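Below is one structure; the comments refer to it alone.
The values are calculated or read from the model by the stated rules, or taken from the named source; none is laboratory data. All values reported here derive from a predicted model rather than from experimental measurement. No Cβ is skipped: glycine too gets one built from the backbone with ideal geometry, and neighbour counts run over all protein chains shown. Ligands, DNA and RNA are excluded from the accessible area calculation, which covers all protein heavy atoms including side chains. Shrake-Rupley method; radii C 1.70, N 1.55, O 1.52, S 1.80 Å.
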Amino acid sequence: MKKDAINVGIIGFGTVGTGTAEILIKKRKVFEKKLGFPIVLKNIADLDVKRDRGLKLAKGVLIKDSEKILNDPDIDIVVELIGGIHPAKEIIVKALKNGKHVVTANKALLAESGKAIFDAAAKNSAELGFEASVAGSIPIIKVIRESLIGNKINNIYGIINGTANYILTKMTEEGVKFDTVLKEAQELGYAEADPTFDIEGVDSAHKLTLMASLAFGVPLSFKKIYTEGITRITPMDIQFASEFGYKIKLLAIAKQADNEVELRVHPTMIPQDDLISSVNGVFNAIYIEGDSAGAGLYYGRGAGDLPTGSAVISDIVDIARNIKTGAVDRLFSIGMSVNPKLSLKKMEDIRTCYYLRMSVIDKPGVLSKISGILGSYNIGIRSMIQKDRKKEKAVTLVMMTHEAREKDMVMALKEINRLSIVSEKTMYLRVEGGEG
Ligand code: HSE
(Lines give C-alpha, C1' and ligand atoms only; values in the text may rest on other atoms or scores of the structure.)
Protein backbone atom coordinates (compact mmCIF):
# COMPACT_ATOMS: atom_id res chain seq x y z
CA MET A 1 0.00 0.00 0.00
CA LYS A 2 1.20 3.50 -0.90
CA LYS A 3 1.72 6.32 1.58
CA ASP A 4 -1.28 7.54 3.49
CA ALA A 5 -2.42 10.64 1.65
CA ILE A 6 -2.87 10.94 -2.09
CA ASN A 7 -1.34 14.26 -3.15
CA VAL A 8 -2.77 16.33 -5.95
CA GLY A 9 -1.28 19.22 -7.93
CA ILE A 10 -3.52 21.41 -10.07
CA ILE A 11 -2.06 23.33 -13.02
CA GLY A 12 -4.37 26.16 -14.09
CA PHE A 13 -6.37 28.21 -11.58
CA GLY A 14 -9.16 29.51 -13.82
CA THR A 15 -12.87 28.72 -13.64
CA VAL A 16 -12.60 24.91 -13.47
CA GLY A 17 -9.39 24.99 -11.42
CA THR A 18 -11.11 27.15 -8.83
CA GLY A 19 -14.19 24.88 -8.74
CA THR A 20 -12.02 21.79 -8.33
CA ALA A 21 -9.88 23.36 -5.59
CA GLU A 22 -12.99 24.52 -3.76
CA ILE A 23 -14.45 21.00 -3.66
CA LEU A 24 -11.12 19.44 -2.62
CA ILE A 25 -10.63 21.94 0.19
CA LYS A 26 -14.20 22.16 1.50
CA LYS A 27 -14.89 18.42 1.30
CA ARG A 28 -11.51 17.17 2.51
CA LYS A 29 -12.96 15.59 5.64
CA VAL A 30 -15.84 14.03 3.73
CA PHE A 31 -13.41 12.41 1.29
CA GLU A 32 -11.27 11.09 4.10
CA LYS A 33 -14.32 9.57 5.77
CA LYS A 34 -15.67 8.04 2.57
CA LEU A 35 -12.34 6.79 1.24
CA GLY A 36 -10.42 5.96 4.38
CA PHE A 37 -7.46 8.13 3.33
CA PRO A 38 -7.01 11.88 2.73
CA ILE A 39 -6.73 13.58 -0.63
CA VAL A 40 -4.44 16.57 -0.22
CA LEU A 41 -4.29 19.54 -2.57
CA LYS A 42 -0.55 20.13 -2.31
CA ASN A 43 -0.05 22.83 -4.92
CA ILE A 44 -1.88 24.89 -7.51
CA ALA A 45 0.23 26.49 -10.23
CA ASP A 46 -0.88 29.50 -12.22
CA LEU A 47 0.93 32.45 -13.78
CA ASP A 48 -1.52 34.75 -12.00
CA VAL A 49 -1.01 34.30 -8.28
CA LYS A 50 -2.56 37.67 -7.37
CA ARG A 51 -6.21 37.46 -8.47
CA ASP A 52 -8.65 36.72 -5.66
CA ARG A 53 -10.60 33.57 -6.49
CA GLY A 54 -12.58 33.69 -3.26
CA LEU A 55 -10.75 30.69 -1.80
CA LYS A 56 -8.58 30.55 1.29
CA LEU A 57 -5.42 28.61 0.45
CA ALA A 58 -2.74 27.63 2.97
CA LYS A 59 0.56 29.50 2.58
CA GLY A 60 2.74 28.12 -0.21
CA VAL A 61 -0.05 26.18 -1.97
CA LEU A 62 -0.41 28.65 -4.85
CA ILE A 63 2.76 28.82 -6.93
CA LYS A 64 3.79 30.19 -10.30
CA ASP A 65 5.98 27.38 -11.54
CA SER A 66 4.18 24.27 -12.84
CA GLU A 67 7.54 22.44 -13.06
CA LYS A 68 7.54 22.22 -9.28
CA ILE A 69 4.37 20.11 -9.45
CA LEU A 70 5.65 17.98 -12.34
CA ASN A 71 8.92 17.22 -10.54
CA ASP A 72 7.55 16.75 -7.02
CA PRO A 73 7.97 13.05 -6.12
CA ASP A 74 5.17 13.35 -3.54
CA ILE A 75 2.53 14.36 -6.07
CA ASP A 76 0.54 11.38 -7.33
CA ILE A 77 -2.03 13.08 -9.54
CA VAL A 78 -1.50 16.10 -11.80
CA VAL A 79 -4.66 17.94 -12.85
CA GLU A 80 -4.23 19.93 -16.07
CA LEU A 81 -6.82 22.71 -16.28
CA ILE A 82 -5.13 25.36 -18.40
CA GLY A 83 -6.86 24.29 -21.64
CA GLY A 84 -5.65 24.81 -25.22
CA ILE A 85 -3.02 22.73 -27.00
CA HIS A 86 0.30 24.25 -25.84
CA PRO A 87 1.75 24.06 -23.24
CA ALA A 88 -1.00 21.73 -21.94
CA LYS A 89 0.22 18.89 -24.15
CA GLU A 90 3.83 19.15 -22.98
CA ILE A 91 2.71 19.40 -19.36
CA ILE A 92 0.56 16.25 -19.58
CA VAL A 93 3.23 14.23 -21.40
CA LYS A 94 5.89 15.27 -18.90
CA ALA A 95 3.62 14.42 -15.96
CA LEU A 96 2.98 10.96 -17.42
CA LYS A 97 6.69 10.39 -18.09
CA ASN A 98 7.43 11.44 -14.51
CA GLY A 99 5.15 8.67 -13.27
CA LYS A 100 2.16 10.83 -12.38
CA HIS A 101 -1.45 10.03 -13.15
CA VAL A 102 -3.23 12.81 -15.00
CA VAL A 103 -6.72 14.31 -14.95
CA THR A 104 -7.74 16.83 -17.59
CA ALA A 105 -10.80 18.69 -18.86
CA ASN A 106 -9.03 19.50 -22.11
CA LYS A 107 -11.33 18.25 -24.87
CA ALA A 108 -9.59 20.25 -27.62
CA LEU A 109 -6.23 18.70 -26.80
CA LEU A 110 -7.52 15.14 -26.47
CA ALA A 111 -9.65 15.37 -29.62
CA GLU A 112 -6.93 16.98 -31.75
CA SER A 113 -3.80 15.27 -30.48
CA GLY A 114 -5.05 12.68 -28.05
CA LYS A 115 -3.28 9.71 -29.61
CA ALA A 116 0.16 10.82 -28.37
CA ILE A 117 -1.30 11.43 -24.92
CA PHE A 118 -3.25 8.17 -24.59
CA ASP A 119 -0.17 6.31 -25.90
CA ALA A 120 2.05 8.05 -23.32
CA ALA A 121 -0.40 7.10 -20.55
CA ALA A 122 -0.40 3.45 -21.67
CA LYS A 123 3.40 3.37 -22.02
CA ASN A 124 3.88 4.73 -18.52
CA SER A 125 1.10 2.60 -16.98
CA ALA A 126 -0.56 5.78 -15.84
CA GLU A 127 -4.22 6.69 -15.64
CA LEU A 128 -5.62 9.52 -17.72
CA GLY A 129 -8.96 10.81 -16.46
CA PHE A 130 -11.00 13.00 -18.81
CA GLU A 131 -14.55 12.91 -17.44
CA ALA A 132 -14.66 16.72 -17.27
CA SER A 133 -13.81 17.09 -20.94
CA VAL A 134 -17.34 16.19 -22.10
CA ALA A 135 -20.60 17.67 -20.81
CA GLY A 136 -19.33 19.09 -17.50
CA SER A 137 -21.15 17.53 -14.56
CA ILE A 138 -22.82 14.74 -16.58
CA PRO A 139 -20.77 11.57 -15.97
CA ILE A 140 -21.00 10.55 -19.60
CA ILE A 141 -17.50 9.12 -19.97
CA LYS A 142 -18.16 6.87 -16.99
CA VAL A 143 -21.52 5.90 -18.49
CA ILE A 144 -19.95 4.88 -21.80
CA ARG A 145 -16.90 3.07 -20.46
CA GLU A 146 -18.30 1.57 -17.29
CA SER A 147 -22.08 1.62 -16.96
CA LEU A 148 -22.83 0.61 -20.58
CA ILE A 149 -19.89 -1.76 -21.07
CA GLY A 150 -22.37 -4.59 -21.66
CA ASN A 151 -23.80 -2.82 -24.67
CA LYS A 152 -23.11 -2.36 -28.33
CA ILE A 153 -23.79 1.34 -28.66
CA ASN A 154 -25.34 2.28 -31.99
CA ASN A 155 -26.61 5.76 -31.51
CA ILE A 156 -25.48 8.80 -29.53
CA TYR A 157 -26.77 12.30 -30.00
CA GLY A 158 -26.98 15.32 -27.83
CA ILE A 159 -26.59 18.93 -26.92
CA ILE A 160 -23.01 19.21 -25.69
CA ASN A 161 -22.32 22.91 -25.91
CA GLY A 162 -23.99 25.10 -23.31
CA THR A 163 -23.13 28.41 -24.95
CA ALA A 164 -24.75 27.51 -28.29
CA ASN A 165 -27.76 26.06 -26.52
CA TYR A 166 -28.14 29.23 -24.46
CA ILE A 167 -28.10 31.32 -27.64
CA LEU A 168 -30.66 29.14 -29.45
CA THR A 169 -32.89 29.06 -26.37
CA LYS A 170 -32.88 32.87 -26.11
CA MET A 171 -33.54 33.22 -29.84
CA THR A 172 -36.47 30.79 -29.50
CA GLU A 173 -37.98 32.25 -26.36
CA GLU A 174 -37.44 35.94 -27.05
CA GLY A 175 -37.24 36.07 -30.85
CA VAL A 176 -33.92 37.96 -30.64
CA LYS A 177 -31.20 37.84 -33.28
CA PHE A 178 -28.05 35.74 -33.01
CA ASP A 179 -25.63 38.69 -32.59
CA THR A 180 -27.66 40.26 -29.77
CA VAL A 181 -27.54 37.16 -27.62
CA LEU A 182 -23.94 36.05 -28.36
CA LYS A 183 -22.45 38.78 -26.16
CA GLU A 184 -24.78 37.87 -23.32
CA ALA A 185 -23.73 34.21 -23.58
CA GLN A 186 -20.04 35.15 -23.40
CA GLU A 187 -20.67 37.24 -20.29
CA LEU A 188 -22.04 34.15 -18.55
CA GLY A 189 -18.51 32.75 -18.57
CA TYR A 190 -19.30 29.39 -20.18
CA ALA A 191 -17.82 30.23 -23.58
CA GLU A 192 -14.45 28.91 -24.73
CA ALA A 193 -11.43 31.26 -24.81
CA ASP A 194 -12.15 31.38 -28.55
CA PRO A 195 -15.99 31.64 -28.64
CA THR A 196 -16.08 30.66 -32.31
CA PHE A 197 -15.43 27.13 -31.00
CA ASP A 198 -18.84 27.27 -29.33
CA ILE A 199 -20.89 28.86 -32.08
CA GLU A 200 -19.22 27.11 -35.03
CA GLY A 201 -19.69 23.66 -33.51
CA VAL A 202 -15.96 22.98 -32.95
CA ASP A 203 -16.30 22.44 -29.19
CA SER A 204 -19.16 19.98 -29.80
CA ALA A 205 -17.03 18.18 -32.40
CA HIS A 206 -14.16 17.89 -29.89
CA LYS A 207 -16.50 16.26 -27.39
CA LEU A 208 -18.14 14.03 -30.00
CA THR A 209 -14.69 12.81 -31.08
CA LEU A 210 -14.03 11.50 -27.57
CA MET A 211 -17.44 9.91 -27.05
CA ALA A 212 -17.41 8.19 -30.46
CA SER A 213 -13.93 6.76 -29.91
CA LEU A 214 -14.91 5.30 -26.56
CA ALA A 215 -18.31 4.07 -27.68
CA PHE A 216 -17.53 2.63 -31.12
CA GLY A 217 -13.78 2.03 -31.10
CA VAL A 218 -13.11 4.40 -34.01
CA PRO A 219 -9.76 6.25 -33.95
CA LEU A 220 -9.95 9.87 -32.76
CA SER A 221 -11.55 11.51 -35.81
CA PHE A 222 -11.96 15.21 -35.04
CA LYS A 223 -10.72 16.43 -38.42
CA LYS A 224 -13.14 14.15 -40.27
CA ILE A 225 -16.26 15.24 -38.41
CA TYR A 226 -18.68 17.33 -40.46
CA THR A 227 -18.98 20.49 -38.37
CA GLU A 228 -21.41 23.35 -38.87
CA GLY A 229 -22.36 26.01 -36.33
CA ILE A 230 -25.43 28.09 -35.54
CA THR A 231 -24.51 31.46 -37.07
CA ARG A 232 -26.85 30.98 -40.08
CA ILE A 233 -29.93 30.46 -37.91
CA THR A 234 -32.43 33.32 -37.99
CA PRO A 235 -35.46 34.00 -35.78
CA MET A 236 -37.51 33.33 -38.93
CA ASP A 237 -36.22 29.73 -39.15
CA ILE A 238 -36.96 29.20 -35.48
CA GLN A 239 -40.50 30.47 -36.04
CA PHE A 240 -41.07 28.23 -39.08
CA ALA A 241 -39.60 25.24 -37.24
CA SER A 242 -42.15 25.86 -34.51
CA GLU A 243 -45.00 26.03 -37.06
CA PHE A 244 -43.98 22.56 -38.26
CA GLY A 245 -43.78 21.28 -34.63
CA TYR A 246 -39.98 21.38 -34.28
CA LYS A 247 -37.20 23.10 -32.34
CA ILE A 248 -33.72 23.94 -33.62
CA LYS A 249 -30.81 22.64 -31.51
CA LEU A 250 -27.08 22.30 -32.15
CA LEU A 251 -26.72 18.52 -32.08
CA ALA A 252 -23.67 16.28 -32.07
CA ILE A 253 -24.64 13.00 -33.72
CA ALA A 254 -22.86 9.64 -33.86
CA LYS A 255 -24.50 6.61 -35.47
CA GLN A 256 -23.15 3.18 -36.21
CA ALA A 257 -24.70 0.81 -38.77
CA ASP A 258 -23.30 -1.84 -41.13
CA ASN A 259 -19.70 -1.19 -40.03
CA GLU A 260 -20.02 2.47 -40.92
CA VAL A 261 -19.97 5.33 -38.45
CA GLU A 262 -21.41 8.74 -39.18
CA LEU A 263 -20.20 11.67 -37.10
CA ARG A 264 -21.61 15.13 -37.52
CA VAL A 265 -22.31 18.38 -35.67
CA HIS A 266 -24.86 20.80 -37.07
CA PRO A 267 -27.99 22.74 -36.18
CA THR A 268 -30.81 20.22 -36.33
CA MET A 269 -34.58 20.38 -36.27
CA ILE A 270 -36.04 17.95 -33.75
CA PRO A 271 -39.69 17.32 -32.85
CA GLN A 272 -40.95 19.51 -30.02
CA ASP A 273 -42.07 16.43 -28.09
CA ASP A 274 -38.58 14.86 -28.16
CA LEU A 275 -37.13 15.18 -24.63
CA ILE A 276 -33.98 16.85 -26.01
CA SER A 277 -36.16 19.69 -27.32
CA SER A 278 -36.84 20.74 -23.73
CA VAL A 279 -33.17 21.03 -22.84
CA ASN A 280 -32.73 24.77 -22.54
CA GLY A 281 -30.19 27.40 -21.54
CA VAL A 282 -26.69 26.21 -20.73
CA PHE A 283 -27.84 22.67 -19.93
CA ASN A 284 -26.53 19.66 -21.87
CA ALA A 285 -28.22 16.33 -22.60
CA ILE A 286 -26.98 13.17 -24.27
CA TYR A 287 -29.12 10.37 -25.64
CA ILE A 288 -27.46 6.96 -25.87
CA GLU A 289 -28.95 3.77 -27.22
CA GLY A 290 -27.34 0.47 -26.30
CA ASP A 291 -28.45 -2.99 -27.43
CA SER A 292 -28.89 -4.23 -23.85
CA ALA A 293 -29.84 -1.11 -21.91
CA GLY A 294 -32.07 0.41 -24.60
CA ALA A 295 -32.44 4.16 -24.76
CA GLY A 296 -31.20 6.50 -22.04
CA LEU A 297 -30.99 10.26 -21.65
CA TYR A 298 -28.38 11.95 -19.49
CA TYR A 299 -29.04 15.55 -18.49
CA GLY A 300 -27.22 18.18 -16.45
CA ARG A 301 -24.99 21.21 -16.31
CA GLY A 302 -22.44 21.06 -19.09
CA ALA A 303 -20.13 23.85 -17.92
CA GLY A 304 -19.19 26.05 -14.99
CA ASP A 305 -16.75 25.96 -12.07
CA LEU A 306 -18.39 23.57 -9.62
CA PRO A 307 -20.26 21.36 -12.14
CA THR A 308 -17.07 20.75 -14.15
CA GLY A 309 -15.02 20.62 -10.93
CA SER A 310 -17.37 17.85 -9.77
CA ALA A 311 -16.37 15.78 -12.83
CA VAL A 312 -12.66 16.46 -12.25
CA ILE A 313 -13.06 15.30 -8.64
CA SER A 314 -14.70 12.04 -9.75
CA ASP A 315 -11.56 11.22 -11.77
CA ILE A 316 -9.22 12.21 -8.93
CA VAL A 317 -11.09 9.96 -6.52
CA ASP A 318 -11.28 7.05 -9.00
CA ILE A 319 -7.54 7.26 -9.58
CA ALA A 320 -6.78 7.63 -5.88
CA ARG A 321 -8.77 4.45 -5.17
CA ASN A 322 -7.01 2.63 -7.99
CA ILE A 323 -3.61 3.67 -6.62
CA LYS A 324 -4.58 2.43 -3.16
CA THR A 325 -5.85 -0.93 -4.41
CA GLY A 326 -3.07 -1.42 -6.95
CA ALA A 327 -5.68 -1.45 -9.71
CA VAL A 328 -4.30 1.29 -11.94
CA ASP A 329 -5.25 0.64 -15.60
CA ARG A 330 -8.55 -0.84 -14.43
CA LEU A 331 -10.61 1.07 -16.94
CA PHE A 332 -10.98 0.65 -20.61
CA SER A 333 -9.85 3.83 -22.38
CA ILE A 334 -9.57 5.42 -25.81
CA GLY A 335 -7.27 3.56 -28.16
CA MET A 336 -7.44 0.30 -26.20
CA SER A 337 -9.96 -1.32 -28.47
CA VAL A 338 -10.01 0.00 -32.02
CA ASN A 339 -12.45 -1.81 -34.29
CA PRO A 340 -10.58 -2.14 -37.63
CA LYS A 341 -13.77 -3.07 -39.49
CA LEU A 342 -15.32 0.35 -38.97
CA SER A 343 -15.07 3.14 -41.50
CA LEU A 344 -16.40 6.68 -41.39
CA LYS A 345 -19.37 7.41 -43.60
CA LYS A 346 -18.92 10.34 -45.97
CA MET A 347 -21.20 13.27 -45.20
CA GLU A 348 -22.55 13.19 -48.77
CA ASP A 349 -23.91 9.69 -48.11
CA ILE A 350 -25.89 10.41 -44.96
CA ARG A 351 -29.68 10.25 -45.23
CA THR A 352 -31.97 12.59 -43.38
CA CYS A 353 -35.08 14.73 -43.82
CA TYR A 354 -34.60 18.42 -44.61
CA TYR A 355 -36.17 21.79 -43.93
CA LEU A 356 -35.87 24.24 -46.83
CA ARG A 357 -36.61 27.97 -46.78
CA MET A 358 -36.66 29.64 -50.18
CA SER A 359 -37.32 33.15 -51.33
CA VAL A 360 -39.03 32.98 -54.71
CA ILE A 361 -40.84 35.27 -57.15
CA ASP A 362 -44.57 34.65 -56.82
CA LYS A 363 -45.75 33.64 -60.29
CA PRO A 364 -47.44 30.61 -61.85
CA GLY A 365 -45.26 27.56 -62.44
CA VAL A 366 -42.67 28.36 -59.75
CA LEU A 367 -43.71 25.57 -57.42
CA SER A 368 -43.76 22.94 -60.16
CA LYS A 369 -40.29 24.04 -61.27
CA ILE A 370 -38.90 23.63 -57.76
CA SER A 371 -40.65 20.36 -56.98
CA GLY A 372 -39.53 19.10 -60.40
CA ILE A 373 -35.87 19.70 -59.54
CA LEU A 374 -36.26 18.11 -56.10
CA GLY A 375 -38.06 15.14 -57.67
CA SER A 376 -35.30 14.65 -60.23
CA TYR A 377 -32.93 14.07 -57.28
CA ASN A 378 -35.36 11.67 -55.55
CA ILE A 379 -36.38 14.24 -52.97
CA GLY A 380 -40.05 14.20 -52.01
CA ILE A 381 -41.87 17.10 -50.32
CA ARG A 382 -43.66 16.14 -47.10
CA SER A 383 -45.29 19.46 -46.21
CA MET A 384 -45.09 23.09 -47.23
CA ILE A 385 -46.07 26.59 -46.14
CA GLN A 386 -46.08 29.72 -48.29
CA LYS A 387 -45.81 33.10 -46.63
CA ASP A 388 -46.57 36.37 -48.39
CA ARG A 389 -44.17 39.21 -47.92
CA LYS A 390 -46.29 42.27 -48.16
CA LYS A 391 -45.22 45.00 -50.60
CA GLU A 392 -42.51 42.77 -52.02
CA LYS A 393 -42.54 40.53 -55.01
CA ALA A 394 -40.79 37.62 -53.37
CA VAL A 395 -42.59 35.13 -51.18
CA THR A 396 -41.13 32.73 -48.67
CA LEU A 397 -41.63 29.07 -49.39
CA VAL A 398 -40.90 26.70 -46.53
CA MET A 399 -40.81 22.93 -47.01
CA MET A 400 -40.14 19.76 -45.08
CA THR A 401 -38.88 16.91 -47.24
CA HIS A 402 -38.93 13.14 -46.88
CA GLU A 403 -35.65 11.40 -46.19
CA ALA A 404 -33.05 12.08 -48.88
CA ARG A 405 -29.34 11.64 -49.47
CA GLU A 406 -27.19 14.67 -48.55
CA LYS A 407 -25.41 14.64 -51.90
CA ASP A 408 -28.74 14.77 -53.77
CA MET A 409 -29.90 17.64 -51.60
CA VAL A 410 -26.71 19.64 -52.18
CA MET A 411 -26.96 19.15 -55.95
CA ALA A 412 -30.68 19.95 -56.06
CA LEU A 413 -30.11 23.16 -54.08
CA LYS A 414 -27.32 24.22 -56.42
CA GLU A 415 -29.74 23.93 -59.31
CA ILE A 416 -32.58 25.66 -57.43
CA ASN A 417 -30.36 28.54 -56.30
CA ARG A 418 -29.38 29.19 -59.93
CA LEU A 419 -33.01 29.76 -61.01
CA SER A 420 -33.88 33.38 -61.85
CA ILE A 421 -37.10 33.03 -59.82
CA VAL A 422 -35.08 32.33 -56.65
CA SER A 423 -34.06 35.62 -55.07
CA GLU A 424 -31.93 34.47 -52.09
CA LYS A 425 -29.75 31.47 -51.34
CA THR A 426 -31.95 28.71 -49.94
CA MET A 427 -31.61 27.97 -46.25
CA TYR A 428 -31.57 24.29 -45.38
CA LEU A 429 -31.45 22.39 -42.13
CA ARG A 430 -31.29 18.69 -41.39
CA VAL A 431 -34.14 17.12 -39.45
CA GLU A 432 -33.82 14.21 -37.02
CA GLY A 433 -36.66 12.08 -35.72
CA GLY A 434 -39.09 13.33 -38.32
CA GLU A 435 -40.28 10.21 -40.11
CA GLY A 436 -39.82 7.59 -37.44
N1 HSE B 1 -17.72 26.25 -23.85
C2 HSE B 1 -18.27 25.04 -23.33
C3 HSE B 1 -19.78 25.15 -23.38
C4 HSE B 1 -17.77 24.81 -21.94
O5 HSE B 1 -20.31 26.25 -23.59
O6 HSE B 1 -20.44 24.14 -23.23
C7 HSE B 1 -17.87 23.39 -21.48
O8 HSE B 1 -17.10 22.50 -22.22
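Just the number please: accessible area per residue for the chain, 1.4 Å probe, all protein chains included, in Å². Provide the component values of the computation, followed by the final result.
Values: 19270 Å² over 436 residues.
Per-residue value: 44 Å².
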Original post:
What's the carbon and sulfur percent of the range 1-125's accessible surface, probe 1.4 angstrom, rounded to a whole number?
Top reply: 54 percent
**OP:** Determine which aspartates and glutamates satisfy two conditions relative to residue 247: a Cα distance under 13 Å, and not lying fewer than 8 residues away in the same chain.
**Re:** 173, 237, 273, 274, 432
Original post:
Could you give the length gained on full extension between residue 27 and residue 90, defined as 0.36 nm per residue of separation minus the Cα-Cα distance, in nm?
Top reply: 19.6 nm
Subject >> Whole-Hz ³J(HN,Hα) from phi, Karplus 6.51 cos²θ - 1.76 cosθ + 1.60, for the range 149-164, glycine and proline x >> reply: 4, x, 10, 8, 8, 10, 8, 10, 8, x, 9, 10, 9, x, 4, 5
**OP:** Would you pull out the residues with amide H under 5 Å of residue 272's amide H, same chain only if 5 or more places away, H placed 1.01 Å from N?
**Re:** 246, 247
Subject >> Degrees separating the helix 88-97 axis from the principal Cα axis of the chain, which is the longest one >> reply: 40 degrees
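With N set to the number of residues, divide the alpha-carbon radius of gyration of the range 239-298 by 2.2 N^0.38 Å and report two decimals.
1.26
Beyond 26 Å, what share of the Cα-Cα pairs of the range 145-301 is found? Please give it as a whole percent. Can you show the working numbers first?
Numbers: 3115 of 12246 pairs.
Every Cα pair in the range 145-301 considered, those over 26 Å come to 25 percent.
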Original post:
If you bin the C-alpha pair distances of the range 350-431 every 10 Å from 0, what whole percents do you get?
Top reply: 19, 57, 22, 2, 0
Original post:
Using alpha carbon centroids, what distance separates the range 326-402 and the range 58-81, in Å?
Top reply: 50 Å
Subject >> Under 26 Å from residue 363, Cα to Cα: lysines that are on another chain or at least 8 residues apart >> reply: 387, 390, 391, 393, 414, 425
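What is the extension gain from residue 419 to residue 378, computed as 0.36 nm multiplied by their sequence separation minus the C-alpha to C-alpha distance, in nm to one decimal?
Working: separation 41, 0.36 × 41 = 14.76 nm, distance 1.90 nm.
Stretched out fully, the residue 419 to residue 378 stretch lengthens by 12.9 nm.
Counting every Cα pair in the chain, what percent are over 41 Å apart? Each step should come with its number before you reach the end.
Values: 22243 of 94830 pairs.
Percent of Cα pairs beyond 41 Å in the chain: 23.
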**OP:** Report residue 206's accessible area, 1.4 Å probe, all protein chains in place, as a number in Å² to the nearest 10.
**Re:** 0 Å²
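Sort 361-370, 233-242 by the packing proxy (mean of other Cβ within 10 Å over each peptide's residues), most packed first. Before the final figure, lay out each step's value.
Numbers: 361-370: 13.3, 233-242: 17.6.
Answer by packing, highest mean first, reads 233-242, 361-370.
Counting only protein heavy atoms and a 1.4 Å probe, tell me what percentage of the range 350-431's accessible area is made up of carbon and sulfur. The partial results should precede the final answer.
Details: 2030 of 4130 Å².
Answer for the range 350-431 is 49 percent, counting heavy atoms of protein chains only.
For the range 145-301, with all protein chains present and a 1.4 Å probe, just round the carbon and sulfur fraction of the accessible area to a whole percent. Don't jump to the answer; show the numbers that get you there.
Working: 3060 of 6120 Å².
Summing carbon and sulfur atoms, their accessible area is 50 percent of the total for the range 145-301.
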**OP:** Show the residues, 5+ positions off or on another chain, whose built amide H is closer than 5 Å to the amide H of residue 127.
**Re:** 102
Subject >> Volume in Å³ per residue [convex hull over Cα atoms, computed for the range 20-176] >> reply: 191 Å³
